[in-house]
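Structure record follows, encoded as structure tokens.
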Amino acid sequence: MDKFRIIGRTPLSGALAVSGSKNSSLPAIAACLLTEEPVTLHRIPEVRDIGTMLKLLEYNGASVERLPSGAIRIHAAKITNPEAPYDIVKTMRASSLVLGPLAARTGVARVSMPGGCSIGARPINLHINGLEHLGATVNQEHGYIEAAAPEGLRGNTVHFERITVTGTEDLMMAAALAKGTTVLENAAREPEVVDLAHLLTKMGANITGAGTSRIVIEGVTKLHGAEHEIIPDRIEAGTFVIAGVMTNSEIIVSNCVPEHFASLLTKLRQAGARVEESADAVQIRPVGKLRAVDMTTEEHPGFATDLQAQFMALMTGATGISFVTENIFENRFMHVPELARMGANIRIEGKQAIVAGPSTLTGAQVMCSDLRASASLVLAALVAEGESILDRVYHVDRGYEKIESKLAAAGANIERVA
Ligand code: EPZ
């Protein structure tokens, strides 16, 4: 298992370029199941979760080809296997994104229950309820969800009792081929939902309201092929902006859409950081010590839960007390004991972590647990005194494309150790 070896306290400089969004690529790949024509996707990042999703689509019967340009061409001419097997889903729970498309395209979908993950139980009851509202019969047995819609899906109103990102995406894809009109109420408003709606529209779908909490989809009988560029990864971008602020560097985070992580930029300014945004980049300038500020995670456009761990790492070096509240997942503080090993002063009380700073972090051997907790350990190691060894960096590889080469090119002392 690979490790990272990081020597802290080297300021960054130059630029950190952002890759395409993992969380927009995953539903976009699933959407290719909705048409028998080829779809070409640009800017798909080379991260583990994408590899898993492409393997799943090949299992379903699609052909997958990485073009010389780096784009991916997916052609689901025939679905020979409308199933997402356990051994694929257990490594990547977002495989449940094929549930809606398989049911819509073939009338049958058999998807392994994703099982829990380190940040929480992560049920998919809202996906299942939504599909039942569209006329599918859904059974759950032997750890699998079996959805059947032999006469096809029918449009209906689906009210999400809780906002769910992939639930919204799954149902939007299913509704695109349903007979009649579907209204998704209390829908997720994330930029990745909007990006998926853009792709589906290029494929011939009829969708309005993506980006608001009410999305209307007029079903069509067929969807055709399309070409689409995936939006930049706002979580990678936010992670890099925090890296620049934390290391007190003069650096640019480029190829991103700052408005997609406006809530982070607002928080950083409240803490005293100097972050200037342009249309596709953020310029960070050193300011010395930051003030501690409180932060609460919310659905978009609120502060992203996927940036909570990284922001907490930043707050360990800020002056004062910061109350960090995690509202989205029930167990997303795995980074806290690891940060404490590096000298952070953090107390957990239920959904809140109370960070007292500033602490001087020192390098240590730490363990990566989930994708974003691991990112926060990378950030902490960049500012810690001395050497840190991060175990199980495959967690980082799930969602960050070549993070160590990007950081090393910007001046960080980081190397991957097999
Ligand atoms: C998406 O996960 C992202 N993954 C997550 O990013 C992100 O943390 C999350 O949205 C929240 O923003 C992808 O887009 C592939 P949810 P998702 O459904 O859709 C509960 C990363 O690090 N819920 O919005 O699975 C759920 O347990 C990953 O890149 C139900 O109860 O999240 C959670 O508490 C981690 N029933 C809350 O809703 C359901 O049927 C929000 O979950 C579905 C969700």
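The values are calculated or read from the model by the stated rules, or taken from the named source; none is laboratory data. Since this is a predicted model, take the numbers as computed values, not measurements. Note that we place each Cβ from the backbone using ideal geometry, even for glycine, and neighbour counts take in every protein chain shown. These accessible areas exclude ligands, DNA and RNA; they are computed on the full protein's heavy atoms, side chains included. Shrake-Rupley method; radii C 1.70, N 1.55, O 1.52, S 1.80 Å.
For Arg214 and Arg392 in one chain, what is 0.36 nm times their gap in residues minus the Cα-Cα distance, to one decimal in nm? Write down the numbers at each step before the final one.
Numbers: separation 178, 0.36 × 178 = 64.08 nm, distance 4.03 nm.
Between Arg214 and Arg392, full extension yields 60.0 nm more.
Nonpolar atom fraction for the chain, defined as the carbon and sulfur part of the 1.4 Å probe accessible area, stands at 50 percent. Shape verdict for the stretch 22-229, please, from the Cα gyration tensor: rounded (a/c under 1.5), prolate (a/b greater than b/c) or oblate. Because its axes are fairly even, with a/c under 1.5, the stretch 22-229 counts as rounded.
Distance from the C-alpha centroid of the stretch 392-411 to that of the stretch 76-153: 31 Å, rounded to the whole angstrom.
Can you sort His75, His395, His133 by solvent-accessible area, 1.4 Å probe, largest first?
Details: His75 55, His395 30, His133 95 Å².
Heavy-atom accessible area, descending, gives His133, His75, His395.
On a 20 Å Cα-Cα criterion, which of the cross-link pairs Lys55/Lys90; Lys22/Lys78; Lys202/Lys222; Lys22/Lys90; Lys22/Lys406; Lys22/Lys351 come out too long? Pairs exceeding 20 Å: Lys22/Lys78; Lys22/Lys351. Of all DSSP bridge pairs formed entirely within the stretch 68-197, close to 65 percent run antiparallel. If you sort Met113, Met1, Met334 by accessible surface, 1.4 Å probe, largest first, the order is Met1, Met113, Met334.
Sorting Arg372, Arg122 by solvent-accessible area of protein heavy atoms yields Arg122, Arg372, largest first, with a 1.4 Å probe. For Thr106, the accessible surface of its heavy atoms amounts to roughly 50 Å² (probe 1.4 Å, protein chains only, rounded to the nearest 10). Which loop GluC sites (Glu not before Pro) in the stretch 1-62, with loop taken from DSSP, have no more than 16 other Cβ atoms within 10 angstrom of their Cβ? When the GluC sites (Glu not before Pro) of the stretch 1-62 are filtered for loop state and at most 16 Cβ neighbours within 10 Å, Glu36, Glu46 remain. Taking only the C-alpha atoms of the chain, Rg followed by Dmax gives 21.4, 64 Å.
Sort 146-155, 65-74 by the packing proxy (mean of other Cβ within 10 Å over each peptide's residues), most packed first. Before the final figure, lay out the partial values.
Values: 146-155: 18.0, 65-74: 14.1.
Output ranking for 146-155, 65-74: 146-155, 65-74.
Evaluate E = 1/(1 + (r/R0)^6) for Cys117 and His142, where r is the Cβ-Cβ distance and R0 equals 30 Å; express this FRET efficiency to the nearest 0.05.
Numbers: r = 20 Å, r/R0 = 0.68.
Calculated value: 0.90.
Axis of helix 371-383 versus longest Cα principal axis of the chain: the two differ by about 20°, to the nearest ten degrees. Secondary structure note: in the chain, about 70% of the DSSP beta bridges are antiparallel. Counting only DSSP H runs of at least 4 residues, each contributing -39500 (n - 2.57), and dividing by the residue count of the chain, the helix-based mean residue ellipticity at 222 nm comes to -9000 deg cm²/dmol. Positive contributions from Lys and Arg (+1) and negative ones from Asp and Glu (-1), summed over other residues with Cβ under 13 Å from the Cβ of Ala271, come out at +4.
Which net charge results when you count Lys and Arg as +1 and Asp and Glu as -1 among the other residues whose beta-carbon is under 15 Å from that of Ala147?
-3
At the residue level, Glu276 shows approximately 80 square angstrom of accessible surface with a 1.4 angstrom probe and all protein chains present.
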